[in-house]
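Report on one structure; see the data block that follows.
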Amino acid sequence: MTTPAAYQLSEPLAGLISYCEKDCVAACCGICAFIFSPLHVASYLCTRTGGITSAVLAVWEAEMAKFERETAALIPTPEGFVCVIESMNQYFTREDLAALVAELRHSLAAAPELQALSDELSFPTPTHEVVQGSWERIKKTLPAE
């Protein structure tokens, strides 16, 4: 079997994909270690950007378009593999890459709805606000230094 070209993910895409490594580890299971669900993608975006805005999504769409352009330029091996993404421990055909891009785009598009639902379902008074309020009341009872 011919080894395909190694493809190096961009830093943002590598971070997102690594964050989605939930079911196992790539070194063991390859692509089966990853869950690219809207839930994980939304969590990643909120963690990294503080919120999912149209500007954030535009940046990610540009990342996905760049990934598609760069991998489209790769020459397939006789077996049909276009590249190996070593951090994922996975060889990809063009069809495999198209499936990955489609799933990531789907999850990116659904992420704002998940953030909105999470905001709606959040507990009315977050614990950190309760604790901060308690601390402020306690400080008032302490003798002045």
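Brief remarks on what is shown
- Helical mean residue ellipticity (222 nm; -39500 (n - 2.57) per DSSP H run of 4+; nearest 500) of the chain: -19500 deg cm²/dmol
- Exposure proxy order (Cβ contacts within 10 Å, fewest to most) of His40, His106, His128: His128, His106, His40
- Partner aspartates and glutamates whose Cα lies under 18 Å from the Cα of Lys22, excluding those fewer than 8 positions away in the same chain, are identified as Glu86, Glu103.
- Shape category assigned to region 5-141 from the gyration tensor of Cα positions, a/c cut at 1.5: prolate
- Arranged from fewest to most other beta-carbon atoms within 10 Å of their beta carbon, Met1, Met88, Met64 become Met1, Met64, Met88.
- Residue order for Trp60, Trp135, fewest other beta carbons within 10 angstrom first, comes to Trp135, Trp60.
- Per-residue ³J(HN,Hα) for region 136-145, Karplus 6.51 cos²θ - 1.76 cosθ + 1.60, θ = phi - 60°, Hz, x for Gly and Pro: 5, 5, 5, 4, 5, 8, 7, x, 5, 8
- Residue (of Ile52, Ala65, Gln8) at the positive-pole extreme of region 5-145, dipole from beta-carbon charges: Ile52
- Positive minus negative residues near Pro12 (Lys, Arg vs Asp, Glu; Cβ under 14 Å): -2
Quick note: the coordinates plus some simple rules give every number you see, no bench work behind them. Computed from a predicted model, the values in this text were never measured in an experiment. Note: ideal-geometry Cβ built from the backbone for every residue, glycine included; neighbour counts use all protein chains shown.
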